[in-house]
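Accompanying notes for the structure given below.
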Amino acid sequence: MVAVAILAAGRGTRMRSDLPKVLHTLGGHSLVERVLDSCSLLDLDRQIVIIGYQGEKVKQALSHRQGVEFVEQTEQLGTGHAVQQVMSSLEGYQGDLLVLNGDAPLLRPETLQKLVATHQTKQNAATLLTANLPNPQGYGRVFCNGDNLVSHIIEDRDCNIAQKQNRRVNAGIYCFNWQKLAESLPKLSTDNDQQEYYLTEVVDYLNPVMAFDAEDFRETRGINDRQQLSAAYDILQARIKEDWMKAGVTMIDPSSITIDEDVQLEPDVILEPQTHLRGNTTIATGSRIGPGSLIENSQIGTNVSVLYSVVTDAEVAANSRIGPYSHLRGGVKLGESCRVGNFVEIKKTTIGANTNMAHLSYLGDATLGDNVNIGAGTITANYDGKQKHPTTIKQGTKTGSNSVLVAPVTLGENVTVAAGSVVTQNVNDNALVVARSRQKEIPNWNDQE
Ligand code: UD1
Ligand code: CA
């Protein structure tokens, strides 16, 4: 039996922000939400979030999550005081309590799972996650008697110079035997530099307490200020990229690439420099994205290339080529083997297979069939100043350079539109449409005196 209590009542003074610290976001998710997510491999009986500073906001931010209970800590008198607030809700609970700092967003679910398993097999009174940090400044130091048995935790500000040399730190992630913890919590004092009730003091009353070292010390990072928030983003990105490279994705200059966590990539995808993949994006095998591309909430098929382009809310089928300098947005569906070229913008448009629009065009609210060729500079005039109107271009049709298609309008199959036309009426299948004034020539114009 495992319950979790997350400490999320503090203001986070060092962030210098109006927003409570745990609501700052890291890669699109709030810190507290990430901490909850780190429990995803555990079968939890209870999920308690301890709120205080702007508690209503924190509650609101978690309102979409199932089964989260909130306990209020009206005055923030320290991490030990925060845990004291759950005593009445957990009265009589027989099991273990995981206590997690709300500002430790980088924990992997596997690490928590191992921590709990170790705690339960060894039947410890408490097991805490520790790490040996190259620079332990600011963290509580963990002192052990051989065999990873913890004797004390001393906060950075309470350490003397010799104690500060200890690089083994407390990550603020603990698994407790709840009954034993409940007996120790009332014993906490405020005998420390900050005159707060420190949770770490319970170590003095519990036995045995075991230190469990994280395999990757970067997971234990806590966030106290904006610099640490930004460093955490780098750690998260490095982790995401390492995982994708292990899964068969090639990255050229990875430090210039960013990838959101929900992105899904297949093996043999190639990501070139300055590429950013965001939101709910998937990229299928053989595709080459970048250099210099942004793909957001889009599904990219196999063997597609996207060069110096922006693609948002779009579906792109196999073998299509996009860019350089194309912009697809707002619900585009591009068929197989299409070509979208220089300075082409496409919005809310569905396009069949083998259709090309290679230069300088705008297509909005349109439906294009297969094998269409959009000439350079073709524009769908979809907006009359009040409303948007649709354009349909059926299969095999070719528009001449600089043609304007004034919507609503339909071009049938295999239509040819003469260059420079302004098409305002529907055109039948197989027709040539010329919608411009005839060329006039006035001879000897420059010979007149
Ligand atoms: C804490 C630990 C320290 C550890 C470090 C890891 C204590 C005394 N110290 O220090 O040993 O190395 O985390 O990052 O526990 N909070 C409340 N109510 C309070 C005070 C804090 O809910 O009254 C919450 C905060 O919102 C935060 C978490 O507890 O999410 C940790 O508090 P913080 O002040 O950041 O503790 P540290 O000084 O980092
Ligand atoms: Ca902290």
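The values are calculated or read from the model by the stated rules, or taken from the named source; none is laboratory data. Fair warning: this is a prediction, and the values are worked out from it, not measured in the lab. All Cβ positions, glycine included, derive from the backbone under ideal geometry; neighbour counts span all protein chains shown.
Odds and ends about this structure:
- If you go through region 12-33 and keep only what is charged (D, E, K, R) and within 12 Å of ligand 2 (Cβ to nearest atom), you end up with Arg14, Lys21.
- The listed residues are Leu106, Leu100, and the only one of them that is buried (at least 23 other Cβ atoms within 10 Å of the Cβ), closer than 19 Å to Asn177 by Cβ and either under 28 Å from the mean Cα position of the chain (by Cα) or assigned by TED's automatic domain parsing to the domain that holds Glu201 (or both) turns out to be Leu100.
So that you can scan it fast, the table gives a plain yes or no per residue for (1) within 16 Å of ligand 2 (Cβ to nearest atom); (2) of a type in the set (Asp, Glu):
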{"position": "Leu185", "(1), (2)": "no, no"}
{"position": "Gln195", "(1), (2)": "no, no"}
{"position": "Val202", "(1), (2)": "no, no"}
{"position": "Asp213", "(1), (2)": "no, yes"}
{"position": "Gly222", "(1), (2)": "yes, no"}
{"position": "Ala238", "(1), (2)": "no, no"}
{"position": "Ala247", "(1), (2)": "no, no"}
{"position": "Ser255", "(1), (2)": "no, no"}
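- In region 69-105, of all residues being β-branched (Val, Ile, Thr) and under 24 Å from His119 (Cα atoms), the one that is farthest from ligand 1 (Cβ to nearest atom) corresponds to Val86.
- Helices (runs of 4 or more DSSP H) contained entirely in region 35-128, each with at least 1 residues that are touching a residue at least 60 places away in the same chain (Cβ under 8 Å) and away from ligand 2 (no atom under 16 Å from the Cβ): 79-84, 109-122
- Only one of Asp268, Asp213, Asp253 that is in contact (Cβ under 8 Å) with a residue 24 or more places away in the chain, more than 19 Å from the chain's Cα centre (by Cα) and surrounded by fewer than 16 Cβ atoms within 10 Å (Cβ to Cβ): Asp213
- From the list Asp262, Asp243, the lone residue that is assigned to a helix (DSSP H, G or I), away from ligand 1 (no atom under 16 Å from the Cβ) and of a type in the set (Asp, Glu) is Asp243.
- Residues of region 1-39 that turn out to be closer than 29 Å to Tyr93 by Cα and either charged (D, E, K, R) or away from ligand 1 (no atom under 13 Å from the Cβ) (or both), as a count: 9
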